[in-house]
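For reference, the structure discussed in these notes is given below.
The values are calculated or read from the model by the stated rules, or taken from the named source; none is laboratory data. It should be emphasised that the depicted structure is a prediction, and the values quoted were computed from it without experimental measurement. No Cβ is skipped: glycine too gets one built from the backbone with ideal geometry, and neighbour counts run over all protein chains shown.
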Amino acid sequence: LGGSGSINGCFFVRGRPGDFTRWAELGNRGWAYEDVLPYFRAIERFDGDADPTVRGQAGPFHVETLRSPHPLARRFVEAARQCGIPSAADYNGSDASGAAIAQTSIREGFRETSFRAFLRPSLARRNLRLLTGRRATRVVIEHGEACGVEVAAASGTRMIRARREVILCAGAIGSPHILLLSGVGPAAELQKVGVQVATNLPGVGANLQEHVGLWIVHALKPGTRTLNMDYGWLGILRHGVRFVARRDGPAASPSAHALAFASSDPSLTDPDLQIHFMPLGYRITANGIEIPPTPAMMAVPNVNRPLSRGRLRLASSNSADAPLIEPSLLQDSEDVRRLIAGCRLARRIFGAPAFVDFADRESFPGRDCETDGDWESAIRAHAGPVYHIAGTCKMGLDPFSVVDPALRVRGIAKLRVIDSSIMPVITSGNTNATALMIGAKGVDLVLESSRLP
Ligand SMILES: Cc1cc2nc3c(=O)[nH]c(=O)nc-3n(C[C@H](O)[C@H](O)[C@H](O)COP(=O)(O)OP(=O)(O)OC[C@H]3O[C@@H](n4cnc5c(N)ncnc54)[C@H](O)[C@@H]3O)c2cc1C
């Protein structure tokens, strides 16, 4: 319950105002920054000093600035400033650029989720029934109209009928998967796997977007304390006691303690790079994550608003088979160029005066990585997703759009998608806050059209 927000990194980032201007420019009326801002405000309860016309202080979803950032995180913000990235007063405010200690979806030391903030307080309502342990296998469509959902459970498959509408919110992988299984998608591809076509919608599963990043690891001088030394039982005990006593420390913190939003090119008005700073260094290997017991720090630059587009399609008509996902993360050379610029920037930040007393040497990818060609090889071999998939049921007016600006699926009545799959263009930063905003605005769209109180 709570979806990816129940397992995510807890970074709370709205994206830039320009992200939503772009959505509106694509024909999505009602989704410009000034339209979505009231929803962002209504959702959140932000505990920091901020402009109350932009930030919410009375909503159900708690957002707080990391309570106990590692001392190196403040060094990172200072080092970024020394490299020309200003310190951000509030990167979720009207100017979403610069470097700052991370804002998090954490309430009193515990993860804040959509389940905890919105669903759990409503569970007693008589018009809500929550069923768990079920998988939606398809939307049942009769005469061009969604009339229910088929669900599979250990006890068998059954259909749940809808009196008004069906709303899919299974995320950027689950929602297009269910639509394709229901015969809503590219007709030729559906026929190939034996799914009967309900409507030909070529955009279902296309337009897949994700932020691609590379992990830059910097070894620190002996004697510097980072979280690398805390992965033994002693560290776990120490931080566990601290968590119980004070609800802060590493056990109440995400992996990155500071974030920066910067540009690969000074002529850009909207920063196209994000950097996560972690007071910890690890390597991602074929066998998983390796955390050395020696001090290290890490920066993960990733590309905002990437131009590469992946896609998702059916492996078979069996709903139990996972869909095939082609992320195509580095398909567009511009994304590679931007990521190289981000990696070089991260290296410059680690070499800035603020780190001089601590920094030893870059351990990954290492100083041998110098030319554009070296960087591109390192990126193609080691870059990865930062888990922000979006856009696979995009909202819009063009033939590849899947839902209209009221989030109704084209060509099928009484069916909507309300989740991160509807983003026409992925936002400039971690996507959970935007998924929550889409949910809140989606509620109003449903209420408007059904005239419910
Ligand atoms: C590891 C990880 C780390 C992340 N870190 C961050 C972060 O720090 N900050 C941030 O802002 N964003 C982060 N994200 C992204 C963010 O959490 C997502 O963008 C956001 O939660 C998407 O919300 P959603 O409602 O669209 O989909 P989801 O939250 O994915 O919800 C979809 C739900 O539908 C369910 N579902 C899917 N298919 C079916 C089916 N067939 N039948 C029944 N149920 C189904 C799923 O189980 C899930 O509960 C992270 C994501 C991951 C995975």
### Message
Among (1) under 28 Å from T21 (Cα atoms); (2) at pLDDT 95 or above, there is one condition I349 misses while meeting the rest; what is its number?
### Response
(1)
### Message
Being of a type outside the set (D, E, K, R) and part of a helix (DSSP H, G or I) is the filter here; which residues of segment 231-246 pass it?
### Response
W233, L234, G235, I236, L237, H239, G240, V241, F243, V244, A245
### Query
How many residues are more than 13 Å from the ligand (Cβ to nearest atom), at pLDDT 95 or above and in a loop (DSSP other than H, G, I, E, B) if we restrict to segment 400-453?
12
### Message
Looking at segment 142-164, I want the residues that are β-branched (V, I, T) and modelled with pLDDT of 95 or more and have a partner that is exposed (fewer than 13 other Cβ atoms within 10 Å of the Cβ) and not in a strand (DSSP E or B) with Cβ atoms under 9 Å, at least 6 apart or on another chain. Which pairs are those?
### Response
V151/L131; I160/L131
### Summary
Residue hits (segment 135-173; touching an Asp or Glu at 6+ places or on another chain (Cβ under 8 Å), within 15 Å of S319 (Cβ to Cβ) and near the ligand (Cβ under 8 Å from one of its atoms)) are A136, T137, A170
### Task
Answer yes or no as to whether A252 is within 19 Å of I101 (Cα to Cα), of a type in the set (A, V, I, L, M, F, W, C) and out of contact with any strand residue (DSSP E or B) (no Cβ under 6 Å at 6 or more places or on another chain).
yes
### Task
Within segment 223-252, count every residue that is in contact with a Pro (Cβ under 7 Å, 6 or more places away or on another chain), closer than 23 Å to V356 by Cβ and of a type outside the set (A, V, I, L, M).
4
### Query
Can you name the residue in segment 204-221 that is among the β-branched types (V, I, T) and in contact with a helix residue (DSSP H, G or I) (Cβ under 9 Å, 6 or more places away or on another chain) and, of all such residues, is surrounded by the fewest Cβ atoms within 10 Å (Cβ to Cβ)?
V212
### Message
Against the conditions (1) within 26 Å of the chain's Cα centre (by Cα); (2) without any contact (Cβ under 8 Å) to a residue 12 or more places away in the chain; (3) in a loop (DSSP other than H, G, I, E, B), where does A381 fall short? Just the number, please.
### Response
(3)
### Task
Name the single residue, out of those in segment 1-40 being assigned to a helix (DSSP H, G or I) and of a type in the set (S, T, N, Q), that is nearest to the ligand (Cβ to nearest atom).
S4
### Message
Criterion first (among the aliphatic types (A, V, I, L, M), in contact with a Gly (Cβ under 8 Å, 6 or more places away or on another chain) and loosely packed, with under 15 Cβ neighbours inside 10 Å) does I284 satisfy it?
### Response
yes
### Message
Return the residues of segment 308-366 that are within 19 Å of L280 (Cβ to Cβ), of a type in the set (G, A, S) and either in contact (Cβ under 8 Å) with a residue 24 or more places away in the chain or assigned to a strand (DSSP E or B) (or both); say none if nothing qualifies.
### Response
A346, A354, A359, S363
### Task
Please work out if A390 is near the ligand (Cβ under 10 Å from one of its atoms), touching a helix residue (DSSP H, G or I) at 6+ places or on another chain (Cβ under 7 Å), more than 16 Å from A24 (Cα to Cα) and of a type in the set (G, A, S).
yes
### Query
Restricting to segment 299-318, what's the tally of residues that are surrounded by 21 or more Cβ atoms within 10 Å (Cβ to Cβ), over 25 Å from P424 (Cβ atoms) and over 16 Å from the mean Cα position of the chain (by Cα)?
1
